[in-house]
Amino acid sequence: MMNWTDMRSSLLQRIGALGKVAPGPVAAYAKASAAGAESGHLDEKTRQLISLAVAVTTRCDGCISVHAKEAVAAGATQQEIGEALGVAMSMNLGAALVYSSRAMEAATEFGARSTG
């Protein structure tokens, strides 16, 4: 089992070190990350639940460590997190379904025939 607290701490230290040698890209990330909150249309908990679901779909452990903590800090319950993760699961299944139809189309174009 992963120690998410240590993972998050280590990640933030590495990002800090990266910011010293590549300040422009790290600052650009920070600016883009904050831009989503500027309109105020979504509350912080909702933004963090979305971020956590996206972290799962992009398979980013570092993102999970950051956004799980932030979601909890914003008041997200286990049930709310579970629902957001359910959306992430269905999105991955949906993407697999869409790409499966594309793969079948490609195979058909290349001559795959039905046996039935």
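The values are calculated or read from the model by the stated rules, or taken from the named source; none is laboratory data. Since this is a predicted model, take the numbers as computed values, not measurements. Cβ: placed from backbone, ideal geometry, glycine included. Neighbour counts: every protein chain shown.
Mind checking whether some residue in region 65-82 is surrounded by 13 or more Cβ atoms within 10 Å (Cβ to Cβ), hydroxyl-bearing (Ser, Thr, Tyr) and part of a helix (DSSP H, G or I)?
The first filter runs over region 65-82 and keeps only residues surrounded by 13 or more Cβ atoms within 10 Å (Cβ to Cβ), leaving 65-72, 74, 76, 80-81.
Now narrow it down to the ones that are hydroxyl-bearing (Ser, Thr, Tyr): 65.
If we keep only those that are part of a helix (DSSP H, G or I) too, we end up with 65.
Within region 65-82, one or more residues are surrounded by 13 or more Cβ atoms within 10 Å (Cβ to Cβ), hydroxyl-bearing (Ser, Thr, Tyr) and part of a helix (DSSP H, G or I).
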Q.
If I ask for residues that are loosely packed, with under 10 Cβ neighbours inside 10 Å and either polar (S, T, N, Q) or under 17 Å from the mean Cα position of the chain (by Cα) (or both), which ones from region 1-34 would you list?
A. 32, 34
Q: Please state which of the following conditions residue 48 fails to meet, knowing it meets all the rest: (1) in a loop (DSSP other than H, G, I, E, B); (2) surrounded by 10 or more Cβ atoms within 10 Å (Cβ to Cβ).
A: (1)
Q: Read through the list (1) farther than 21 Å from residue 6 by Cα; (2) out of contact with any Gly (no Cβ under 9 Å at 6 or more places or on another chain); (3) not assigned by TED's automatic domain parsing to the domain that holds residue 6, then give the number of the only condition that residue 47 fails.
A: (2)
Q: Provide a single number: the residues in region 9-43 that are at pLDDT below 95, of a type in the set (D, E, K, R) and not in a loop (DSSP other than H, G, I, E, B).
A: 1
Q: Write out, first by first residue and then by second, each pair whose Cβ atoms fall under 7 Å of each other, whose residues are 6+ apart or on separate chains, and whose first residue, in region 87-103, is in the same structural domain as residue 46 (by TED's automatic domain parsing) while the second is surrounded by 10 or more Cβ atoms within 10 Å (Cβ to Cβ) and in a helix (DSSP H, G or I).
A: 87/53; 88/53; 88/56; 88/57; 91/57; 92/57
Q) When residues of region 49-78 are filtered for being farther than 26 Å from residue 96 by Cβ and of a type in the set (S, T, N, Q), how many remain? A) 2
